[in-house]
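What follows is a short report on a single structure.
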Amino acid sequence: MTDLRSALATKGPIDLSTIGSDSTPQFEGGKKDAQRLLPQIGRQLMDLQELLFANGRSGTTDRKVLMLLQGMDTSGKGGTLRHVAGLVDPQGVLITAFKAPTEEERQKDFLWRIEKEVPPPGMIGVFDRSHYEDVLIGRVRELASAEEIERRYDAINDFEKRFVDGGGVLLKCFLHISPEDQKERLTERLDDPTKYWKYNPGDLDERELWGPYQQAYEIVLERCSTDHAPWHLVPAGRKWYRNWAIATMLGETLADLDLQWPPPDFDVEAQKRRLATM
């Protein structure tokens, strides 16, 4: 696998308007090539995930992986879950889709509901949206004071550092699309009765705030892309590239754990002898 994480990692100030959503960094082929490669990556992911899961089940590791998916409406968070998370054994994956906070959650610190959902050792967690909503929509819609939003950036970095220090690895993916991409995808939903269920009239309200949201994402990518938890900007205008890129980076992340199969806690030869007599 390529070192795609390094190629897509963000660092410092960023201007999203200068980055093409249809670009395909580190991939020289086309759609058919990516679709052909995805099952191969899936087989690697399955093996690496089983290794992680086995170590977690046996208690020999504190390692765990948390993948965050963030992006504007129609950027493909759900599609990524189907095409990438679907490549691995579901018993080793915990998927959490964060919606608007409940009344109880509003009474707590914004990270309270997040910390309850982090994966335990041996597991891969996937967040469809995440704690970053609280500095994205929170900033754009002015759901919190400027001082509180400012505090949250540091709180997020501290929370992610604690997760990493506890054996976790974060794979943070920003799915980058253009306003033209979004318009095309929303139009497809309105033109296809089988996709009406995906359409939310409120998406147009958020679309009207495209500029402020892009600015909010630029701040997040600058303030919260750290050495221990960098952000990765994934061009998502081409769905096939998005799926290949995130699957590849997840494979890199799992491979870097460099785990070994857990040793037995029983006498293997004695068990063979006993089985032979049965």
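Counting only heavy atoms of the protein chains, get the accessible area per residue of the range 226-271 (1.4 Å probe) and round it to a whole Å² value.
Working: 2050 Å² over 46 residues.
Dividing the accessible area of the range 226-271 by its residue count gives 45 Å².
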Starting at the first residue of the range 17-22, write each ³J(HN,Hα) from the Karplus equation 6.51 cos²θ - 1.76 cosθ + 1.60 with θ = phi - 60°, in whole Hz, x for Gly and Pro.
-> 5, 9, 10, x, 6, 9
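Can you give the FRET efficiency to the nearest 0.05 for Asp109 and Gln40, using r as the Cβ-Cβ distance and R₀ = 41 Å? Mind dumping the intermediate values first?
On the way: r = 43 Å, r/R0 = 1.05.
Step by step, r from the Cβ atoms, then E = 0.45.
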In what sequence, highest mean first, do 225-235, 94-104, 36-46 appear when ranked by Cβ atoms within 10 angstrom?
-> 225-235, 36-46, 94-104
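By how many nm would the segment from Lys161 to Arg207 lengthen if fully extended, with 0.36 nm per residue of separation less the alpha-carbon distance?
13.3 nm
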Please give the per residue accessible area of the range 1-160, computed with a probe of 1.4 Å over protein heavy atoms only, in Å².
-> 51 Å²
PRE reach from His228 (point 7 Å along Cα→Cβ): which of the range 1-20 fall under 16 Å by backbone N?
-> none
Under 5 Å, built H, 5+ apart or other chain: amide partners of His176 = Val234, Ala236
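Pulled fully out, how much extra length does the chain show between Asp258 and Ala100, if you take 0.36 nm times their separation in residues and subtract their Cα-Cα distance? Could the numbers behind the result be given before it?
Details: separation 158, 0.36 × 158 = 56.88 nm, distance 3.73 nm.
This chain segment gains 53.1 nm when fully extended.
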In Å, the Kirkwood hydrodynamic radius of the range 24-142 over pairs of distinct alpha carbons?
-> 16.3 Å
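Under a Cβ-Cβ cut-off of 11 Å, what is the net charge of the residues other than Leu171 that fall near it, where Lys and Arg count +1 and Asp and Glu count -1? Show your work: numbers first, answer last.
Numbers: positive: Arg5, Lys172; negative: Glu252, Asp256.
Net of charged neighbours comes to 0.
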In a shell of Cβ-Cβ distance under 11 Å around Gly56, excluding Gly56 itself, what net charge do Lys and Arg (+1) and Asp and Glu (-1) give?
-> +1
Please give the FRET efficiency for Lys31 paired with Tyr196, using the beta carbon to beta carbon distance and R0 = 35 Å, rounded to the nearest 0.05.
-> 0.85
Column: log10 I(q)/I(0), Debye, Cα scatterers of the range 138-204, q = 0.13, 0.21, 0.25 Å⁻¹ | -0.69, -0.92, -1.03
For the range 58-164, with only Lys/Arg (+1) and Asp/Glu (-1) charged at the beta-carbon, what is the dipole magnitude about the Cα centre, in debye rounded to 20?
-> 340 debye
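Taking the mean number of other Cβ atoms within 10 Å as a proxy for protection, how do you rank 120-129, 169-178 from highest to lowest?
Numbers: 120-129: 20.1, 169-178: 22.8.
My ranking of the peptides, most packed first, is 169-178, 120-129.
What helices does the chain have that are whole DSSP H segments, at least 27 Å long along their own axis by Cα, and with mean Kyte-Doolittle hydropathy of -1.0 or more?
Numbers: long enough: 31-58 (40 Å, -0.60); 146-165 (29 Å, -1.21).
TM-like helix candidates: 31-58.
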From the phi of every residue in the range 70-77, what ³J(HN,Hα) in whole Hz does the Karplus formula 6.51 cos²θ - 1.76 cosθ + 1.60 yield, where θ is phi - 60° and glycine or proline is x?
-> 10, x, 5, 3, 6, 6, x, 4
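Taking N as the number of residues in the chain, what is its Cα Rg relative to 2.2 N^0.38 Å? Walk me through the numbers on the way to the answer.
Details: Rg = 20.5 Å, N = 278, 2.2 N^0.38 = 18.7 Å.
The chain yields a ratio of 1.10.
R0 = 41 Å: FRET efficiency of Arg57 with Arg141, Cβ-based, nearest 0.05?
Working: r = 42 Å, r/R0 = 1.03.
For R0 = 41 Å, the calculated efficiency reads 0.45.
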MRE, 222 nm, helices only [DSSP H, n ≥ 4, -39500 (n - 2.57), over the chain, to nearest 500] | -15000 deg cm²/dmol
Ranking Leu143, Val93, His131 by how far each Cα lies towards the positive end of the charge dipole of the range 71-196 (+1 on Lys and Arg Cβ, -1 on Asp and Glu Cβ), the top one is Val93
Report, ordered by chain and residue number, the aspartates and glutamates lying within cross-link reach of Lys239, taken as a straight Cα distance under 18 Å and ignoring same-chain residues fewer than 8 apart.
-> Asp22, Glu28, Asp33, Asp73, Asp128, Glu180, Asp181, Glu184, Glu188
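Rounded to a whole number, what % of the accessible area of the chain do carbon and sulfur atoms account for, probe 1.4 Å? Can you show the working numbers first?
On the way: 7200 of 14370 Å².
Taking all protein chains in place, the chain shows 50 percent carbon and sulfur surface.
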Using modelled backbone amide H atoms (1.01 Å from N, in-plane), which distant-in-sequence or interchain residues come within less than 5 Å of Met67's amide H?
-> Gly125, Val126, Phe127, Leu171
Counting only pairs 8 or more places apart or on different chains, how many lysine pairs in the range 32-125 have C-alpha atoms closer than 15 Å?
-> 4
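The values are calculated or read from the model by the stated rules, or taken from the named source; none is laboratory data. Since the structure is predicted, the reported quantities are computational estimates derived from the model, not experimental observations. So basically every Cβ, Gly included, is an ideal-geometry build from the backbone, and we count neighbours across all protein chains shown. These accessible areas exclude ligands, DNA and RNA; they are computed on the full protein's heavy atoms, side chains included. Shrake-Rupley method; radii C 1.70, N 1.55, O 1.52, S 1.80 Å.
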